[in-house]
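S.K.: Please find one structure pasted underneath; my questions will follow.
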Amino acid sequence: MVSVKIETLIIGIPPSPSVIVLRPQGDGPTGDRVLPIWIGPAEATSIGVALEGRTHERPMTHDLLVNTISALGAKVERVVVDRVADTTFFATVYLSRDGRTINMDARPSDSIALAVRAVAPLYVDEDVLNSSSHSYNFNTAGRTKEATVDEFRSFLDSLSPEDFQVSE
């Protein structure tokens with residue numbers, strides 16, 4: 001497993017897709033890789049709200065689930081993006097309660113929305129990272145923030161879900 005962070009989130013207006021980009025933490029051999037995952041607009045909005053630390057007057061779906069997990073005496077231990085088939089990513093949410101670990105299959109978008117709210121670590125299986133990530137140079141020296149963002153958006157625009165098909 002490789003520890004990752006959310007590098008960026010792009011919320012698309014349908015029919016444009018929304019994309020969350022995960023990046024390995026640290027300067028190891030995978031540090032120059034990015035893993036874009038196409039997600040739905042509702043999940044992207046939910047993740048964006050949580051990343052900004054905003055709250056709604058009433059709990060939204062992912063807030064409700066984190067509150068329910070907590071009320072049942074459990075906590076979100078970690079989230080792992082652990083498999084990809086064709087262009088579909090799969091994740092597992094690991095909950096802990098009374099010294100016991102409970103694994104729940106979930107979509108990466110929902111899993112990440114929970115992890116952000118619960119301040120739980122995110123991981124990607126090394127095989128998934130090796131097969132589905134893309135190299136990206138994060139050297140921003142001498143470039144403005146706007147130029148760096150524009151370049152990264154161009155990079156994301158050049159990708160399509162078919163770029164993530166796993167070859168047998």
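The values are calculated or read from the model by the stated rules, or taken from the named source; none is laboratory data. Computed from a predicted structure; not experimentally measured. Neighbour counts are summed over all protein chains in view; Cβ atoms, including those assigned to glycine, are modelled from backbone coordinates with ideal geometry.
S.K.: Across the stretch 91-117, what is the number of residues that are crowded, with 21+ Cβ neighbours inside 10 Å and either among the aromatic types (Phe, Trp, Tyr) or in contact with a strand residue (DSSP E or B) (Cβ under 6 Å, 6 or more places away or on another chain) (or both)?
M.R.: Matching residues across the stretch 91-117 total 7.
S.K.: A further question on this structure: Mind listing whichever residues of the stretch 79-90 are in contact with a Pro (Cβ under 8 Å, 6 or more places away or on another chain) and surrounded by 17 or more Cβ atoms within 10 Å (Cβ to Cβ)?
M.R.: The answer is Val79, Val81, Phe89, Phe90.
S.K.: Which pairs have Cβ atoms under 8 Å, sit 6 or more apart or on different chains, and link a residue in the stretch 69-80 that is at pLDDT 95 or above to one that is among the aromatic types (Phe, Trp, Tyr)?
M.R.: From the stretch 69-80, the pairs are Val76/Tyr94; Glu77/Tyr94; Arg78/Tyr94; Arg78/Tyr123; Val79/Tyr94; Val79/Tyr123; Val80/Tyr94; Val80/Tyr123.
S.K.: A further question follows. Is there any pair linking a residue in the stretch 37-56 that is more than 28 Å from Ala85 (Cα to Cα) and among the aromatic types (Phe, Trp, Tyr) to one that is buried (at least 18 other Cβ atoms within 10 Å of the Cβ) and at pLDDT below 95, with Cβ under 6 Å and at least six apart or on different chains, and which?
M.R.: Correct list of pairs: empty, since none qualify.
S.K.: If a residue has to be more than 26 Å from Asn130 (Cα to Cα) and of a type outside the set (Gly, Ala, Ser) to count, how many in the stretch 31-68 make the cut?
M.R.: 20
S.K.: Additional query: Could you tell me which numbered condition Val149 fails, if it satisfies all but one of (1) more than 21 Å from Ile47 (Cα to Cα); (2) at pLDDT below 70?
M.R.: Looking at each condition in turn, Val149 falls short on (1).
Every residue, every condition in (1) of a type in the set (S, T, N, Q); (2) under 21 Å from Tyr123 (Cα atoms), yes or no:
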position	(1), (2)
Gly40	no, yes
Leu51	no, yes
Arg54	no, no
His62	no, yes
Thr68	yes, no
Val93	no, yes
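S.K.: Does the stretch 1-15 contain at least one residue that is part of a loop (DSSP other than H, G, I, E, B), free of Cβ contacts under 8 Å to residues at least 24 places away in the same chain and either surrounded by fewer than 16 Cβ atoms within 10 Å (Cβ to Cβ) or not hydrophobic (A, V, I, L, M, F, W, C) (or both)?
M.R.: yes
S.K.: Residue by residue through the stretch 69-118, note down the ones that are closer than 16 Å to Ser132 by Cα and among the hydrophobic types (A, V, I, L, M, F, W, C).
M.R.: Val80, Val81, Val84, Ala85, Phe89, Phe90, Ala91
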